[in-house]
Each structure stands twice: as C-alpha cells, then as structure tokens.
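J.: Take this structure, written in structure tokens, and hold onto it; I'll ask about it next.
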Amino acid sequence: MRLKDKVAVITGAGSGIGRATAILFAKEGAKVVVSDYKEDAARATLDDILKNGCEGIAVKADVSKEAEIQHLMEEAFQRYGRLNVLISNAGIGEVSPVEELSEEAWYRTIDINLKGVFLCAKHAIPYMRKSGGGSIVNNASILGHVGFPGTAAYNAAKGGVVILTKNMALDYAKDKIRVNAVCPGFIRTPMVEEGAVKGQLDYLATLHPLGRLGEPVEVAYGMLFLASEESSFITGSSLMIDGGYTAR
Ligand code: NAP
C-alpha cells in the first residue's frame with residue numbers, strides 16, 4: 001500500500017476530485033481526515049471509506065475561515081498523533097470577465113481558492129514538522145498557467161496557488177515538507193457538469209488533445225504519487241493532469 005499508516009487531511013472531500021482522492025488514499029492505507037464545509041457531504045464520503053473496511057474521520061471546515069482550519073488540523077493530530085499529508089483541494093468555480101465581476105465574487109473566489117490554500121498550509125505545517133516532515137499537494141488548475149475567456153478571478157486565484165506552492169516548497173524544504181500542485185484540465189465533476197459551463201461539455205472535451213474530459217480518479221492518482229514517498233525528490237512542481245491541454 002502506497003500510503004500505509006499515513007494521516008492525510010483532504011479538504012473539499014465531499015464531492016468530485018476530493019471525494020475520489022479520499023477513497024483512493026484510504027484504499028492505499030491512509031487514515032483519511034475527510035473535510036468539507038458541508039458536514040453531510042464529508043460524512044457520505046467517510047461512510048464509503050468505512051464500508052470499504054478503511055479508516056478515517058469526518059471534520060466540517062470552511063477553508064476560508066481560519067478558526068475552522070485551525071480546528072481541523074488540531075482534530076487530525078489529536079486523533080492520530082501525526083499529520084503526514086495535506087491535500088488542499090476545496091475550491092469553487094467563478095465565471096465572469098472583470099467588467100461583470102462583482103467585488104464580492106472576486107473576494108469569495110480568492111478567499112476559498114487561494115486564501116484557503118494558505119490557511120490550510122499555515123495550520124498543517126506545525127503538525128507536519130512534529131511528524132518529521134510531510135507532503136502538501138495543492139489543487140491548482142491548468143487555469144493557473146494559461147488564460148481562459150471569462151474566468152478572471154478563478155484564474156487569478158489558481159495562478160496564485162501555483163506560485164504559492166513554489167514559495168512554500170522553498171520555505172519548508174528544510175523541515176522535510178514537500179509542496180507540490182496538481183493542475184487538472186476540465187474534469188467530470190459537479191463543478192463542471194452542473195456549473196456555468198455545463199452546456200459546453202462537448203466543446204470543452206475538444207480542447208484536450210486526448211479528446212475527452214478527465215475523470216476525478218485520474219487526478220486522484222496524481223495526488224497519490226505526490227503524496228507518497230515515490231515522489232520524494234519532487235517539490236515546488238506543478239503536475240499537469242490535462243489530457244495534453246497545455247502541451248500546445
Ligand atoms: P466539486 O465537485 O465542486 O468539489 C469541491 C468541494 O469543495 C465541494 O464539496 C464544495 O462544496 C467544497 N467546497 C466549496 N467551498 C468550500 C469551502 N469554503 N470550504 C470547504 N469546502 C468547500 O469540484 P471539483 O471539480 O472536484 O474541484 C476540486 C478542486 O479541483 C477545486 O479546487 C477546483 O478548482 C479544482 N479543479 C477542478 C477542475 C475541474 O474541471 N473539475 C479543473 C481544475 C481544477 P459545494 O459543492 O457546495 O461548492
């Protein structure tokens with residue numbers, strides 16, 4: 001098992017990529033701290049993990065609220081006595097060009113998609129240091145590397161996640177904490193299938209040279225590699241999981 005006895009906190013684990021990652025990590029031997037701001041969604045993912053005979057707990061936390069994130073990391077450490085992996089995955093979509101983007105929507109997108117990554121790292125790192133090191137994987141996006149019409153705040157946040165990942169990699173290498181990002185293309189999750197781009201799925205598929213959207217578990221496998229010791233000499237990197245989208 002690739003994560004045997006590792007303790008992994010996963011945010012936004014009630015749906016989509018986070019949910020697939022939580023279930024995969026548990027099958028790979030991790031004790032998974034399943035977190036989402038919707039308690040019932042986190043609980044449903046945990047139920048599937050427990051049904052598979054694997055181990056974990058569910059903790060409600062909104063990644064944009066510092067007190068809740070502090071509590072999440074405390075709970076994980078108190079329950080298991082260590083914290084080895086953080087998957088900063090929670091995020092929201094936002095579809096507006098700047099002229100139509102309200103200040104409120106800008107702050108909400110930045111608060112969840114970028115500040116959330118900062119807060120999770122800030123409160124996980126002390127426990128990872130006590131655990132002898134760790135691996136942080138941030139869910140950025142291809143849209144942190146290339147533009148896309150009409151998603152200004154989302155792209156700005158994800159670009160921030162890519163460079164924040166590099167900075168944290170430099171700051172915490174001395175503590176044996178690696179920090180990497182995954183950058184998915186368009187993935188078949190509720191964010192895409194039920195969000196503002198839901199009418200454009202066939203078109204979005206054509207933007208990926210492999211000719212289709214990705215599946216959540218295909219991102220989860222990238223997270224697994226970066227979380228595990230198999231990637232022990234990788235830090236500060238962005239792993240594209242995008243069917244070739246950014247290869248053009
Ligand atoms: P998803 O199915 O919507 O899952 C995201 C989960 O995070 C949902 O349960 C969501 O709740 C939750 N969440 C939202 N705000 C939160 C908050 N403040 N605190 C804690 N949890 C919160 O979306 P996904 O596609 O799996 O996205 C996961 C991550 O991948 C995001 O960071 C996203 O930007 C990134 N990503 C996705 C794609 C894609 O094509 N799907 C591509 C590149 C990157 P609600 O359902 O209520 O919002």
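The values are calculated or read from the model by the stated rules, or taken from the named source; none is laboratory data. It should be emphasised that the depicted structure is a prediction, and the values quoted were computed from it without experimental measurement. Don't worry about glycine lacking a Cβ; one is built from the backbone with ideal geometry, like all the others, and counts go over all protein chains shown. SASA here: full protein model, heavy atoms, side chains in, ligands and nucleic acids out. Shrake-Rupley method; radii C 1.70, N 1.55, O 1.52, S 1.80 Å.
J.: Which of Gly53, Gly236, Gly160 moves the most in a Gaussian network model of the chain with Cα springs under 10 Å?
T.: Gly53
J.: Next up: Please go through the range 4-62 and write out the trypsin sites (Lys or Arg not before Pro) that DSSP classes as loop and that have at most 11 other C-beta atoms within 10 Å. Intermediate values should be presented prior to the final figure.
T.: On the way: sites: Lys4, Lys6, Arg19, Lys27, Lys31, Lys38, Arg43, Lys51, Lys60; in loops: Lys4, Lys6, Lys38.
Listed in order of number, the matching sites are Lys4.
J.: Along the charge dipole of the range 7-238, which of Ala30, His71, Ala196 sits closest to the positive end, that is, farthest toward it, with unit charges on the beta carbon of Lys, Arg, Asp and Glu (+1, +1, -1, -1)?
T.: Of the candidates, Ala30 comes out farthest on the positive side.
J.: In debye to the nearest 20, how big a dipole does the chain give about its Cα centre with +1 on each Lys and Arg Cβ and -1 on each Asp and Glu Cβ? The partial results should precede the final answer.
T.: Working: 27 positive and 29 negative charges, 187 e Å.
With Lys and Arg at +1 and Asp and Glu at -1, about 900 debye.
J.: Now, a different point. List, in the order given, every pair from Lys6/Lys166; Lys115/Lys198; Lys115/Lys176; Lys65/Lys166; Lys6/Lys198; Lys158/Lys198 whose Cα-Cα distance in the structure shown is over 31 Å. Write down the numbers at each step before the final one.
T.: Values: Lys6/Lys166 24 Å; Lys115/Lys198 27 Å; Lys115/Lys176 23 Å; Lys65/Lys166 23 Å; Lys6/Lys198 37 Å; Lys158/Lys198 21 Å.
Beyond 31 Å between Cα atoms: Lys6/Lys198.
J.: Based on the Cα atoms of the chain, what semi-axes does the equivalent ellipsoid have, where each is the square root of 5 times one gyration tensor eigenvalue, given in whole Å with the largest first?
T.: Details: eigenvalues 144, 72, 67 Å².
Listed largest to smallest, the semi-axes of the chain are 27, 19, 18 Å.
J.: Continuing with this model, one more query. What angle, in degrees between 0 and 90 and rounded to the nearest 10, separates the Cα long axis of helix 116-130 from the longest principal axis of the Cα atoms of the chain?
T.: Compared with the principal axis, the helix lies near 20 degrees.
J.: Taking only Cα atoms, what is the 0 to 90° angle, nearest 10, from helix 39-51's long axis to the longest principal axis of the chain?
T.: That works out to roughly 60 degrees.
J.: Also, I was wondering about something else. Just to confirm the filter: which GluC sites (Glu not before Pro) across the range 83-171 are DSSP coil and have at most 10 other Cβ within 10 angstrom of their Cβ?
T.: Qualifying residues, ordered by number: none.
J.: Further, regarding this structure: How far is helix 216-227 tilted off the main Cα axis of the chain, in degrees rounded to 10, range 0 to 90?
T.: So the helix axis and the longest Cα principal axis differ by about 50 degrees.
J.: Let me ask something additional. Have a look at Gly12, Gly185, Gly211 and tell me which one the Gaussian network model of the chain (Cα, springs below 10 Å) gives the largest fluctuation.
T.: Per the Cα network of the chain with a 10 Å cutoff, Gly211 tops the list.
J.: Below 13 Å, Cα to Cα, which aspartates and glutamates can Lys27 reach? Residues fewer than 8 away in the same chain don't count.
T.: Asp5, Asp48, Glu55
J.: Taking K and R as +1 and D and E as -1, what net charge do the other residues with C-beta under 10 Å from the C-beta of Leu207 add up to?
T.: Values: positive: Arg248; negative: Asp242.
Computed value for this residue: 0.
J.: Oh, and also: May I ask you to list the GluC sites (Glu not before Pro) in the range 175-242 that are in a DSSP loop and have at most 12 other Cβ atoms within 10 Å of their Cβ?
T.: Working: sites: Glu193, Glu194, Glu218, Glu229, Glu230; in loops: Glu194.
Here the GluC sites (Glu not before Pro) that fit, given the DSSP loop and packing criteria, are Glu194.
J.: Now a separate question. Express the carbon and sulfur contribution to the solvent-accessible surface of the chain as a percent, rounded to the nearest whole number, probe 1.4 angstrom.
T.: On the way: 5840 of 11120 Å².
Using a 1.4 Å probe with all protein chains present, the chain comes out at 53 percent carbon and sulfur.
J.: Please identify, among Ile17, Ile234, Ile136, the residue showing maximal mean-square fluctuation in a Gaussian network model of the chain using a 10 angstrom Cα cutoff.
T.: Ile234
J.: Please give the per residue volume of the convex hull enclosing the alpha carbon atoms of the range 123-248, rounded to a whole number of Å³. Please list the in-between numbers first.
T.: Working: hull volume 14.6 nm³, N = 126.
Normalising the Cα hull of the range 123-248 by residue number yields 116 Å³.
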